[in-house]
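Colleague: Handing you this structure, nothing more for now.
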Amino acid sequence: MYNFEYQNPVKIIFGKGEISKVGMNIPEGSKILLTYGGGSIFSNGVYNQVKASIKDFEVLEFGGIEPNPHYETLMKAVEVVKKENITFLLAVGGGSVIDGTKFIAAAALFKKGDPWQILAKNALVEDAIPIGSVLTLPATGSEMNSGSVVTRIETTEKLAFMSPKVMPMFSILDPEVIFSLPDKQVANGIVDAFVHVIEQYLTFPVNSPIQDRFAESILTTLIEEGPKVLVNRNDYDAAANLMWSATLALNGLIGVGVPQDWATHMIGHELTAYHGIDHARTLAIVLPGVMHIKREQKKDKILQLGERVWGITKGTTDERIDLTIQKTVEFFESVGIPTRLPDYGVTTETIDTICNRFRKRGYKVGEKANIGPVEMRLILEDRL
Ligand code: NZQ
Ligand code: ZN
(Lines give C-alpha, C1' and ligand atoms only; values in the text may rest on other atoms or scores of the structure.)
(Ligands and ions follow the chains in the order given, each with its own letter.)
Protein backbone atom coordinates (compact mmCIF):
# COMPACT_ATOMS: atom_id res chain seq x y z
CA MET A 1 0.00 0.00 0.00
CA TYR A 2 1.17 3.55 -0.74
CA ASN A 3 1.69 6.15 1.98
CA PHE A 4 -1.33 8.38 2.51
CA GLU A 5 -2.99 11.03 4.64
CA TYR A 6 -6.73 10.84 5.11
CA GLN A 7 -9.02 13.33 6.75
CA ASN A 8 -12.75 13.55 6.20
CA PRO A 9 -14.44 16.16 8.37
CA VAL A 10 -17.98 15.76 6.98
CA LYS A 11 -20.53 14.87 9.66
CA ILE A 12 -23.02 12.38 8.25
CA ILE A 13 -26.53 12.37 9.69
CA PHE A 14 -28.20 9.27 8.29
CA GLY A 15 -31.72 7.90 8.39
CA LYS A 16 -35.46 8.32 8.21
CA GLY A 17 -36.73 11.66 9.52
CA GLU A 18 -33.26 13.12 10.05
CA ILE A 19 -33.86 16.13 7.78
CA SER A 20 -35.44 17.71 10.87
CA LYS A 21 -31.89 18.10 12.22
CA VAL A 22 -30.72 20.57 9.57
CA GLY A 23 -31.29 23.67 11.68
CA MET A 24 -29.51 22.41 14.79
CA ASN A 25 -26.37 21.77 12.74
CA ILE A 26 -26.10 25.28 11.28
CA PRO A 27 -24.12 27.84 13.30
CA GLU A 28 -26.38 30.18 15.24
CA GLY A 29 -26.98 33.56 13.64
CA SER A 30 -26.08 32.36 10.15
CA LYS A 31 -27.62 34.09 7.16
CA ILE A 32 -28.47 31.18 4.89
CA LEU A 33 -28.73 30.85 1.13
CA LEU A 34 -30.74 27.69 0.41
CA THR A 35 -29.71 26.37 -3.01
CA TYR A 36 -31.72 23.88 -5.04
CA GLY A 37 -32.32 22.55 -8.54
CA GLY A 38 -35.32 22.44 -10.83
CA GLY A 39 -37.98 21.96 -8.17
CA SER A 40 -38.12 18.27 -7.25
CA ILE A 41 -37.74 19.31 -3.59
CA PHE A 42 -41.14 21.01 -3.72
CA SER A 43 -43.07 17.98 -4.96
CA ASN A 44 -41.50 15.38 -2.65
CA GLY A 45 -41.81 17.26 0.62
CA VAL A 46 -38.08 17.76 1.21
CA TYR A 47 -38.38 21.55 0.94
CA ASN A 48 -41.06 21.72 3.63
CA GLN A 49 -39.02 19.54 5.99
CA VAL A 50 -35.94 21.72 5.49
CA LYS A 51 -37.84 24.98 5.89
CA ALA A 52 -39.49 23.79 9.11
CA SER A 53 -36.09 22.98 10.54
CA ILE A 54 -34.49 26.35 9.70
CA LYS A 55 -37.43 28.58 10.58
CA ASP A 56 -35.41 30.54 13.14
CA PHE A 57 -32.77 31.64 10.61
CA GLU A 58 -32.78 34.41 8.04
CA VAL A 59 -33.03 32.47 4.76
CA LEU A 60 -32.77 33.47 1.12
CA GLU A 61 -33.26 31.00 -1.72
CA PHE A 62 -31.52 30.36 -5.02
CA GLY A 63 -33.16 27.77 -7.27
CA GLY A 64 -32.71 26.64 -10.84
CA ILE A 65 -29.29 24.98 -10.56
CA GLU A 66 -29.28 22.66 -13.56
CA PRO A 67 -28.15 19.03 -13.79
CA ASN A 68 -24.45 19.41 -14.73
CA PRO A 69 -24.52 22.83 -13.05
CA HIS A 70 -23.79 25.80 -15.26
CA TYR A 71 -21.03 28.23 -14.38
CA GLU A 72 -23.20 31.00 -15.79
CA THR A 73 -26.01 30.20 -13.31
CA LEU A 74 -23.68 29.71 -10.35
CA MET A 75 -22.08 33.11 -10.89
CA LYS A 76 -25.53 34.67 -10.43
CA ALA A 77 -25.69 32.98 -7.03
CA VAL A 78 -22.22 34.33 -6.23
CA GLU A 79 -23.59 37.86 -6.76
CA VAL A 80 -26.45 37.15 -4.33
CA VAL A 81 -24.03 35.78 -1.73
CA LYS A 82 -21.87 38.90 -1.92
CA LYS A 83 -24.70 41.41 -2.04
CA GLU A 84 -26.63 39.82 0.82
CA ASN A 85 -23.63 38.93 2.99
CA ILE A 86 -24.59 35.27 3.13
CA THR A 87 -22.65 33.33 5.78
CA PHE A 88 -23.90 29.76 5.18
CA LEU A 89 -24.88 27.80 2.07
CA LEU A 90 -27.42 25.02 2.40
CA ALA A 91 -27.50 22.76 -0.67
CA VAL A 92 -30.67 20.69 -1.02
CA GLY A 93 -30.49 18.34 -3.99
CA GLY A 94 -28.40 15.87 -5.93
CA GLY A 95 -24.78 16.02 -6.97
CA SER A 96 -25.37 18.96 -9.28
CA VAL A 97 -26.80 21.19 -6.56
CA ILE A 98 -24.09 20.19 -4.08
CA ASP A 99 -21.29 20.59 -6.65
CA GLY A 100 -22.71 23.91 -7.78
CA THR A 101 -22.93 25.11 -4.20
CA LYS A 102 -19.30 24.15 -3.60
CA PHE A 103 -18.30 26.34 -6.52
CA ILE A 104 -20.46 29.22 -5.25
CA ALA A 105 -18.82 28.85 -1.81
CA ALA A 106 -15.32 29.06 -3.27
CA ALA A 107 -16.03 31.69 -5.95
CA ALA A 108 -17.68 34.09 -3.50
CA LEU A 109 -14.47 34.38 -1.47
CA PHE A 110 -12.01 34.09 -4.37
CA LYS A 111 -9.75 37.14 -4.33
CA LYS A 112 -7.31 36.42 -7.14
CA GLY A 113 -9.31 37.45 -10.19
CA ASP A 114 -11.76 35.45 -12.28
CA PRO A 115 -13.21 32.48 -10.31
CA TRP A 116 -13.22 30.42 -13.53
CA GLN A 117 -9.51 29.96 -12.81
CA ILE A 118 -10.49 27.63 -9.97
CA LEU A 119 -11.73 25.20 -12.63
CA ALA A 120 -9.58 26.08 -15.62
CA LYS A 121 -6.21 26.58 -13.92
CA ASN A 122 -6.59 24.72 -10.62
CA ALA A 123 -6.26 28.03 -8.77
CA LEU A 124 -5.94 27.45 -5.03
CA VAL A 125 -9.15 27.82 -3.04
CA GLU A 126 -7.92 29.62 0.08
CA ASP A 127 -11.30 30.08 1.69
CA ALA A 128 -14.94 29.17 1.16
CA ILE A 129 -18.30 29.89 2.73
CA PRO A 130 -19.37 26.98 4.97
CA ILE A 131 -21.77 24.49 3.39
CA GLY A 132 -24.32 22.00 4.68
CA SER A 133 -26.17 19.57 2.44
CA VAL A 134 -29.38 17.59 2.30
CA LEU A 135 -28.81 14.89 -0.29
CA THR A 136 -31.75 13.89 -2.49
CA LEU A 137 -30.05 11.53 -4.95
CA PRO A 138 -27.48 8.87 -4.08
CA ALA A 139 -24.84 8.84 -6.82
CA THR A 140 -21.90 11.20 -6.76
CA GLY A 141 -20.53 11.13 -3.21
CA SER A 142 -20.35 14.93 -3.40
CA GLU A 143 -22.06 15.05 0.00
CA MET A 144 -18.90 13.67 1.62
CA ASN A 145 -16.05 14.68 -0.66
CA SER A 146 -14.08 17.69 -1.81
CA GLY A 147 -14.93 17.50 -5.51
CA SER A 148 -17.12 19.65 -7.72
CA VAL A 149 -17.79 19.49 -11.46
CA VAL A 150 -19.04 22.56 -13.32
CA THR A 151 -20.07 23.10 -16.94
CA ARG A 152 -19.44 26.32 -18.85
CA ILE A 153 -21.99 26.51 -21.64
CA GLU A 154 -20.23 29.34 -23.46
CA THR A 155 -17.14 27.18 -24.10
CA THR A 156 -18.67 23.65 -23.96
CA GLU A 157 -16.33 22.73 -21.11
CA LYS A 158 -17.04 20.47 -18.15
CA LEU A 159 -14.26 20.80 -15.57
CA ALA A 160 -13.67 19.71 -11.99
CA PHE A 161 -11.90 21.12 -8.96
CA MET A 162 -11.14 19.69 -5.56
CA SER A 163 -10.60 21.50 -2.29
CA PRO A 164 -10.94 20.49 1.35
CA LYS A 165 -12.37 23.99 1.94
CA VAL A 166 -15.62 23.06 0.16
CA MET A 167 -16.32 19.81 2.00
CA PRO A 168 -19.71 20.17 3.66
CA MET A 169 -19.77 20.69 7.45
CA PHE A 170 -22.57 18.14 7.50
CA SER A 171 -24.71 16.15 5.09
CA ILE A 172 -28.09 14.70 5.84
CA LEU A 173 -28.84 11.37 4.16
CA ASP A 174 -32.48 10.37 4.55
CA PRO A 175 -33.02 7.32 2.30
CA GLU A 176 -36.72 8.21 1.98
CA VAL A 177 -35.77 10.89 -0.55
CA ILE A 178 -35.20 8.02 -2.98
CA PHE A 179 -38.92 7.20 -3.04
CA SER A 180 -39.60 10.07 -5.44
CA LEU A 181 -36.72 9.38 -7.83
CA PRO A 182 -37.57 8.37 -11.40
CA ASP A 183 -36.12 5.01 -12.59
CA LYS A 184 -33.62 6.83 -14.75
CA GLN A 185 -32.04 8.68 -11.81
CA VAL A 186 -31.92 5.54 -9.64
CA ALA A 187 -30.14 3.71 -12.46
CA ASN A 188 -27.78 6.65 -12.96
CA GLY A 189 -26.96 6.62 -9.26
CA ILE A 190 -26.21 2.89 -9.20
CA VAL A 191 -23.92 3.11 -12.23
CA ASP A 192 -22.14 6.30 -11.15
CA ALA A 193 -21.34 4.80 -7.73
CA PHE A 194 -20.28 1.51 -9.36
CA VAL A 195 -17.85 3.30 -11.66
CA HIS A 196 -16.48 5.44 -8.81
CA VAL A 197 -15.42 2.23 -7.10
CA ILE A 198 -13.97 0.86 -10.34
CA GLU A 199 -11.88 4.02 -10.89
CA GLN A 200 -10.18 3.40 -7.54
CA TYR A 201 -9.95 -0.38 -7.82
CA LEU A 202 -9.47 -1.54 -11.38
CA THR A 203 -5.84 -0.48 -11.78
CA PHE A 204 -2.90 -2.69 -10.70
CA PRO A 205 -2.22 -4.51 -7.42
CA VAL A 206 -0.23 -2.77 -4.68
CA ASN A 207 -0.81 -5.38 -2.00
CA SER A 208 -3.77 -3.63 -0.38
CA PRO A 209 -6.30 -6.38 0.36
CA ILE A 210 -8.25 -4.23 2.80
CA GLN A 211 -8.85 -1.55 0.12
CA ASP A 212 -9.67 -4.22 -2.46
CA ARG A 213 -12.25 -5.84 -0.22
CA PHE A 214 -13.86 -2.51 0.74
CA ALA A 215 -14.21 -1.86 -2.99
CA GLU A 216 -15.56 -5.32 -3.79
CA SER A 217 -18.09 -5.12 -0.95
CA ILE A 218 -19.46 -1.83 -2.30
CA LEU A 219 -19.69 -3.26 -5.83
CA THR A 220 -21.47 -6.38 -4.60
CA THR A 221 -23.89 -4.34 -2.51
CA LEU A 222 -24.71 -2.08 -5.48
CA ILE A 223 -25.34 -5.15 -7.63
CA GLU A 224 -27.62 -6.70 -5.00
CA GLU A 225 -29.44 -3.68 -3.59
CA GLY A 226 -29.62 -1.36 -6.61
CA PRO A 227 -32.09 -3.50 -8.58
CA LYS A 228 -34.27 -3.91 -5.46
CA VAL A 229 -34.70 -0.13 -5.37
CA LEU A 230 -35.58 -0.11 -9.06
CA VAL A 231 -38.25 -2.76 -8.56
CA ASN A 232 -39.74 -1.28 -5.39
CA ARG A 233 -39.04 2.38 -4.72
CA ASN A 234 -40.51 2.08 -1.22
CA ASP A 235 -38.06 -0.60 -0.05
CA TYR A 236 -36.48 1.49 2.71
CA ASP A 237 -33.72 -0.97 3.59
CA ALA A 238 -32.59 -1.30 -0.01
CA ALA A 239 -32.73 2.49 -0.39
CA ALA A 240 -30.63 2.91 2.75
CA ASN A 241 -28.01 0.43 1.55
CA LEU A 242 -27.87 2.05 -1.89
CA MET A 243 -27.51 5.50 -0.40
CA TRP A 244 -24.69 4.62 1.98
CA SER A 245 -22.91 2.59 -0.72
CA ALA A 246 -22.92 5.57 -3.07
CA THR A 247 -21.46 7.81 -0.37
CA LEU A 248 -18.76 5.28 0.55
CA ALA A 249 -17.90 4.83 -3.12
CA LEU A 250 -16.46 8.34 -3.30
CA ASN A 251 -15.74 9.73 0.14
CA GLY A 252 -12.02 9.12 -0.24
CA LEU A 253 -11.78 6.03 1.98
CA ILE A 254 -11.37 3.31 -0.65
CA GLY A 255 -9.03 5.42 -2.78
CA VAL A 256 -6.28 6.05 -0.24
CA GLY A 257 -3.11 3.99 -0.50
CA VAL A 258 -3.93 2.68 -3.98
CA PRO A 259 -3.50 3.87 -7.58
CA GLN A 260 -6.50 5.57 -9.18
CA ASP A 261 -7.59 5.68 -12.80
CA TRP A 262 -10.37 8.26 -13.60
CA ALA A 263 -9.90 7.97 -17.38
CA THR A 264 -13.53 6.87 -17.77
CA HIS A 265 -14.69 10.01 -15.99
CA MET A 266 -12.38 12.34 -17.91
CA ILE A 267 -13.61 11.00 -21.25
CA GLY A 268 -17.20 10.79 -20.03
CA HIS A 269 -17.22 14.48 -19.05
CA GLU A 270 -16.52 15.32 -22.70
CA LEU A 271 -19.54 13.31 -23.85
CA THR A 272 -21.69 15.29 -21.43
CA ALA A 273 -20.11 18.59 -22.51
CA TYR A 274 -20.77 17.96 -26.22
CA HIS A 275 -23.97 15.91 -26.14
CA GLY A 276 -25.59 16.56 -22.75
CA ILE A 277 -25.63 12.81 -21.99
CA ASP A 278 -26.28 12.11 -18.28
CA HIS A 279 -23.02 11.68 -16.37
CA ALA A 280 -23.57 8.04 -15.36
CA ARG A 281 -24.56 7.07 -18.90
CA THR A 282 -21.31 8.42 -20.27
CA LEU A 283 -19.47 6.18 -17.80
CA ALA A 284 -21.45 3.12 -18.88
CA ILE A 285 -20.40 3.85 -22.45
CA VAL A 286 -16.71 4.50 -21.80
CA LEU A 287 -15.76 2.00 -19.07
CA PRO A 288 -16.05 -1.17 -21.19
CA GLY A 289 -13.76 0.47 -23.75
CA VAL A 290 -11.19 1.37 -21.09
CA MET A 291 -11.29 -2.21 -19.76
CA HIS A 292 -10.81 -3.60 -23.25
CA ILE A 293 -8.04 -1.29 -24.45
CA LYS A 294 -6.17 -1.44 -21.12
CA ARG A 295 -6.78 -5.17 -20.58
CA GLU A 296 -3.05 -5.99 -20.35
CA GLN A 297 -2.19 -3.21 -17.90
CA LYS A 298 -5.26 -3.98 -15.77
CA LYS A 299 -5.14 -7.75 -16.19
CA ASP A 300 -4.64 -8.76 -12.53
CA LYS A 301 -7.40 -6.56 -11.22
CA ILE A 302 -9.85 -7.40 -14.02
CA LEU A 303 -9.37 -11.10 -13.21
CA GLN A 304 -9.89 -10.36 -9.51
CA LEU A 305 -13.05 -8.36 -10.27
CA GLY A 306 -14.29 -11.19 -12.45
CA GLU A 307 -13.68 -13.80 -9.81
CA ARG A 308 -14.75 -11.99 -6.65
CA VAL A 309 -17.63 -9.90 -7.97
CA TRP A 310 -18.94 -11.84 -10.99
CA GLY A 311 -17.91 -15.37 -9.92
CA ILE A 312 -15.84 -16.03 -13.04
CA THR A 313 -13.26 -18.74 -12.33
CA LYS A 314 -12.91 -20.71 -15.55
CA GLY A 315 -11.33 -20.09 -18.94
CA THR A 316 -8.17 -18.61 -20.32
CA THR A 317 -7.06 -15.17 -19.15
CA ASP A 318 -8.49 -13.56 -22.27
CA GLU A 319 -11.78 -15.40 -21.95
CA ARG A 320 -12.11 -14.38 -18.31
CA ILE A 321 -11.36 -10.74 -19.13
CA ASP A 322 -13.91 -10.76 -21.97
CA LEU A 323 -16.53 -12.30 -19.70
CA THR A 324 -15.84 -9.77 -16.94
CA ILE A 325 -16.35 -6.92 -19.41
CA GLN A 326 -19.50 -8.61 -20.70
CA LYS A 327 -20.94 -9.07 -17.18
CA THR A 328 -20.26 -5.42 -16.39
CA VAL A 329 -21.99 -4.29 -19.58
CA GLU A 330 -24.94 -6.61 -18.86
CA PHE A 331 -25.29 -5.11 -15.40
CA PHE A 332 -25.44 -1.56 -16.76
CA GLU A 333 -27.96 -2.60 -19.40
CA SER A 334 -30.02 -4.55 -16.84
CA VAL A 335 -30.71 -1.31 -14.96
CA GLY A 336 -31.77 0.33 -18.22
CA ILE A 337 -28.60 2.10 -19.35
CA PRO A 338 -27.45 1.58 -22.95
CA THR A 339 -23.68 1.29 -23.32
CA ARG A 340 -22.78 2.14 -26.91
CA LEU A 341 -22.24 5.51 -28.60
CA PRO A 342 -24.84 5.00 -31.37
CA ASP A 343 -27.49 4.41 -28.65
CA TYR A 344 -27.05 8.12 -27.93
CA GLY A 345 -26.62 9.30 -31.51
CA VAL A 346 -22.90 9.96 -31.08
CA THR A 347 -20.77 9.55 -34.20
CA THR A 348 -17.07 9.48 -35.13
CA GLU A 349 -17.18 13.25 -35.52
CA THR A 350 -17.40 13.59 -31.74
CA ILE A 351 -14.54 11.15 -31.29
CA ASP A 352 -12.38 13.43 -33.45
CA THR A 353 -13.45 16.50 -31.46
CA ILE A 354 -12.65 14.88 -28.10
CA CYS A 355 -9.28 13.57 -29.24
CA ASN A 356 -8.33 16.99 -30.66
CA ARG A 357 -9.28 18.66 -27.42
CA PHE A 358 -7.05 16.30 -25.41
CA ARG A 359 -4.24 16.78 -27.92
CA LYS A 360 -4.42 20.53 -27.24
CA ARG A 361 -4.65 20.06 -23.47
CA GLY A 362 -1.48 18.03 -23.70
CA TYR A 363 -1.93 15.79 -20.68
CA LYS A 364 -2.66 12.08 -20.42
CA VAL A 365 -5.01 10.32 -18.02
CA GLY A 366 -5.32 6.94 -16.30
CA GLU A 367 -3.43 5.31 -13.44
CA LYS A 368 -0.22 5.29 -15.50
CA ALA A 369 -0.95 8.58 -17.27
CA ASN A 370 -0.73 6.77 -20.58
CA ILE A 371 -4.15 7.46 -22.07
CA GLY A 372 -3.83 10.33 -24.53
CA PRO A 373 -5.66 11.15 -27.79
CA VAL A 374 -4.49 7.98 -29.54
CA GLU A 375 -5.71 5.63 -26.79
CA MET A 376 -8.91 7.66 -26.35
CA ARG A 377 -9.72 7.12 -29.99
CA LEU A 378 -9.29 3.36 -29.56
CA ILE A 379 -11.46 3.37 -26.43
CA LEU A 380 -14.26 5.35 -28.07
CA GLU A 381 -14.10 3.47 -31.37
CA ASP A 382 -14.53 0.27 -29.36
CA ARG A 383 -17.90 1.69 -28.25
CA LEU A 384 -19.29 2.40 -31.75
O1 NZQ B 1 -33.13 19.60 -10.22
P2 NZQ B 1 -34.20 18.85 -9.54
O3 NZQ B 1 -35.55 19.33 -9.79
O4 NZQ B 1 -33.90 18.67 -8.06
O5 NZQ B 1 -34.21 17.36 -10.20
C6 NZQ B 1 -33.09 16.52 -10.21
C7 NZQ B 1 -32.41 16.45 -11.57
O8 NZQ B 1 -33.32 16.70 -12.60
C9 NZQ B 1 -33.56 15.10 -10.00
N10 NZQ B 1 -33.70 14.73 -8.58
C11 NZQ B 1 -32.77 14.84 -7.60
N12 NZQ B 1 -33.24 14.34 -6.45
C13 NZQ B 1 -34.53 13.93 -6.70
C14 NZQ B 1 -34.81 14.19 -8.06
N15 NZQ B 1 -36.01 13.90 -8.60
C16 NZQ B 1 -36.94 13.34 -7.80
N17 NZQ B 1 -36.72 13.04 -6.50
C18 NZQ B 1 -35.53 13.32 -5.91
N19 NZQ B 1 -35.30 12.97 -4.64
O20 NZQ B 1 -32.55 14.31 -10.59
C21 NZQ B 1 -31.99 15.01 -11.68
C22 NZQ B 1 -30.48 14.81 -11.69
O23 NZQ B 1 -29.89 15.45 -10.59
P24 NZQ B 1 -28.31 15.67 -10.52
O25 NZQ B 1 -28.02 16.37 -9.24
O26 NZQ B 1 -27.82 16.28 -11.77
O27 NZQ B 1 -27.77 14.16 -10.48
P28 NZQ B 1 -26.49 13.54 -9.84
O29 NZQ B 1 -26.61 13.47 -8.36
O30 NZQ B 1 -26.27 12.30 -10.58
O31 NZQ B 1 -25.31 14.59 -10.14
C32 NZQ B 1 -24.63 14.62 -11.36
C33 NZQ B 1 -23.57 15.69 -11.35
O34 NZQ B 1 -22.53 15.38 -10.39
C35 NZQ B 1 -21.25 15.39 -11.03
C36 NZQ B 1 -21.59 14.99 -12.43
O37 NZQ B 1 -20.57 15.30 -13.34
C38 NZQ B 1 -22.86 15.78 -12.70
O39 NZQ B 1 -22.56 17.10 -13.03
N40 NZQ B 1 -20.31 14.53 -10.31
C41 NZQ B 1 -19.82 14.97 -9.14
C42 NZQ B 1 -18.86 14.28 -8.43
C43 NZQ B 1 -18.30 14.76 -7.16
N44 NZQ B 1 -18.67 15.94 -6.69
O45 NZQ B 1 -17.49 14.09 -6.54
C46 NZQ B 1 -18.33 13.01 -8.92
C47 NZQ B 1 -19.12 12.41 -10.01
O48 NZQ B 1 -18.27 11.58 -10.75
C49 NZQ B 1 -19.76 13.37 -10.94
O50 NZQ B 1 -18.82 13.81 -11.91
ZN1 ZN C 1 -19.11 9.93 -11.45
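Colleague: Evaluate the relative contact order of segment 89-233 (contact order divided by residue number), counting alpha-carbon pairs under 8 angstrom at least 6 apart; express in whole percent. Before the final figure, lay out each step's value.
Modeller: Working: 209 pairs, mean separation 33.2, N = 145.
In percent, rounded to a whole number, it is 23.
Colleague: Given 10 °C and 1.306 mPa s, how large is the Stokes-Einstein diffusion coefficient of the chain in µm²/s, with Rh as the Kirkwood radius over Cα pairs?
Modeller: Numbers: Rh = 21.2 Å.
The calculation lands on 75 µm²/s.
Colleague: Go ahead and set up a Gaussian network model of the chain, Cα springs under 10 Å, then flag whichever of Asp237, Asp212, Asp192 fluctuates most.
Modeller: Asp237
Colleague: Within the chain, which is the longest segment that contains none of the chymotrypsin sites (Phe, Trp or Tyr not before Pro) sitting in a DSSP loop with at most 12 other Cβ atoms within 10 Å? Numbers along the way, then the final one.
Modeller: On the way: sites that count: Tyr2, Phe4, Tyr6, Tyr363.
Formally, the longest exposed-site-free interval is 7-362.
Colleague: Give me log10 I(q)/I(0) at q = 0.08, 0.15, 0.19 Å⁻¹ for segment 182-381, Debye formula, one equal scatterer per alpha-carbon, no solvent.
Modeller: Log-scaled intensity ratios, in q order: -0.25, -0.92, -1.43.
Colleague: Okay, moving on. Hey, what angle do you get for helix 183-199 against the long axis of the chain, alpha-carbon based, 0 to 90 degrees rounded to 10?
Modeller: 60
Colleague: Taking square-rooted eigenvalues a ≥ b ≥ c of the alpha carbon gyration tensor, is segment 114-169 rounded, prolate or oblate, where a/c under 1.5 means rounded and, failing that, a/b exceeding b/c means prolate?
Modeller: On the way: a/c = 2.36, a/b = 1.31, b/c = 1.81.
Because a/c hits 1.5 or more and a/b fails to exceed b/c, segment 114-169 counts as oblate.
Colleague: Using Cα pairs closer than 8 Å and at least 6 residues apart in sequence, work out the relative contact order for segment 11-176, in percent.
Modeller: With pairs under 8 Å counted, the relative contact order is 28 percent.
Colleague: Rg to Rh ratio, segment 147-258, alpha-carbon atoms and Kirkwood radius? Present the calculation step by step, with values, prior to reporting the outcome.
Modeller: Working: Rg = 15.6 Å, Rh = 15.5 Å.
Result: Rg/Rh = 1.01.
Colleague: So, in nm, how far is label Arg295 from label Phe14 when the simple model puts each one 7 Å beyond its Cα toward the Cβ?
Modeller: Those two pseudo-labels are separated by 3.8 nm.
Colleague: Could you tell me how many degrees, from 0 to 90 and to the nearest 10, lie between the Cα long axis of helix 348-361 and the main elongation axis, the longest principal axis, of the Cα atoms of the chain?
Modeller: Helix 348-361 sits at roughly 70 degrees to that axis.
Colleague: Expressed as a fraction of 2.2 N^0.38 Å, the rule-of-thumb size for a compact globular protein of N residues, what is the C-alpha radius of gyration of segment 67-144? Write out the running numbers ahead of the final one.
Modeller: Numbers: Rg = 12.0 Å, N = 78, 2.2 N^0.38 = 11.5 Å.
My calculation over the Cα atoms of segment 67-144 gives 1.05.
Colleague: Where only protein heavy atoms count, and the probe is 1.4 Å, what is the accessible area per residue for the chain in Å²? Don't skip to the answer; put the middle values down first.
Modeller: Values: 15740 Å² over 384 residues.
With the other protein chains kept in place, the chain gives 41 Å² per residue.
Colleague: Compute the relative contact order of the chain as a whole-number percentage, counting only Cα pairs closer than 8 Å that sit 6 or more residues apart in sequence. Walk me through the intermediate numbers first.
Modeller: Values: 723 pairs, mean separation 59.2, N = 384.
Once normalised by length, the contact order is 15 percent.
Colleague: Cross-link list Lys55/Lys82; Lys11/Lys111; Lys51/Lys102; Lys21/Lys112: which exceed 31 angstrom alpha carbon to alpha carbon? Show your work: numbers first, answer last.
Modeller: Working: Lys55/Lys82 22 Å; Lys11/Lys111 28 Å; Lys51/Lys102 21 Å; Lys21/Lys112 36 Å.
In this structure, Lys21/Lys112 exceed 31 Å between Cα atoms.
Colleague: Let me ask something additional. For Lys83 and Lys121, FRET efficiency with R0 = 22 Å and r from the beta-carbon atoms, rounded to 0.05?
Modeller: On the way: r = 26 Å, r/R0 = 1.20.
Efficiency, rounded to the nearest 0.05: 0.25.
Colleague: Shifting gears a bit: So how far, in whole Å, is the C-alpha centre of segment 22-36 from the one of segment 47-70?
Modeller: Cα centres, segment 22-36 to segment 47-70: 10 Å.
Colleague: Also: Identify which of Thr151, Thr203, Thr316 has the largest mean-square fluctuation in a Gaussian network model of the chain, with springs joining Cα atoms closer than 10 Å.
Modeller: Thr316
Colleague: Can you return the lysines within cross-link range of Lys360? Criterion is Cα-Cα under 20 Å, with same-chain partners fewer than 8 residues away left out.
Modeller: Partners found: Lys121, Lys158, Lys368.
Colleague: Here's a follow-up. Bins of 5 Å, beginning at zero and ending with the bin holding the largest distance: percent of Cα pairs per bin for segment 11-176, please.
Modeller: 2, 10, 21, 24, 22, 13, 6, 3, 0
Colleague: Using alpha carbons only, how many angstrom separate the centre of segment 181-201 from the centre of segment 312-384?
Modeller: 17
Colleague: Further question on the same structure: Please give the Cα centre distance for segment 266-297 versus segment 207-246, rounded to the nearest Å.
Modeller: Taking the Cα centre of segment 207-246 as reference, the centre of segment 266-297 is 22 Å away.
Colleague: Considering amide H positions built from the backbone, and no H for Pro or chain starts, which residues 5 or more places from Leu173, or on another chain, come under 5 Å of its amide H?
Modeller: The answer is Ile13, Phe14, Gly15.
Colleague: Ok, one more. Calculate what fraction, in whole %, of the accessible area of segment 11-176 sits on carbon and sulfur atoms when a 1.4 Å probe is rolled over the protein chains. Let's see the in-between values first.
Modeller: Details: 3530 of 6700 Å².
C and S atoms contribute 53 percent here.
Colleague: In nanometres, what is the gap between the two model label sites at Phe4 and Thr353, each 7 Å from Cα along Cα-to-Cβ?
Modeller: Distance between the two pseudo-spin positions: 3.6 nm.
Colleague: Related question: So how tilted is helix 299-310 from the main axis of the chain? Cα-based, degrees 0 to 90, rounded to 10.
Modeller: Approximately 70 degrees, to the nearest ten.
The values are calculated or read from the model by the stated rules, or taken from the named source; none is laboratory data. This one's a predicted model, so the numbers in the text were calculated from it and none came from an experiment. Backbone-built Cβ (ideal geometry, glycine too); neighbour counts: all protein chains shown. With ligands, DNA and RNA removed, areas are computed over all heavy atoms of the protein, side chains included. Shrake-Rupley method; radii C 1.70, N 1.55, O 1.52, S 1.80 Å.
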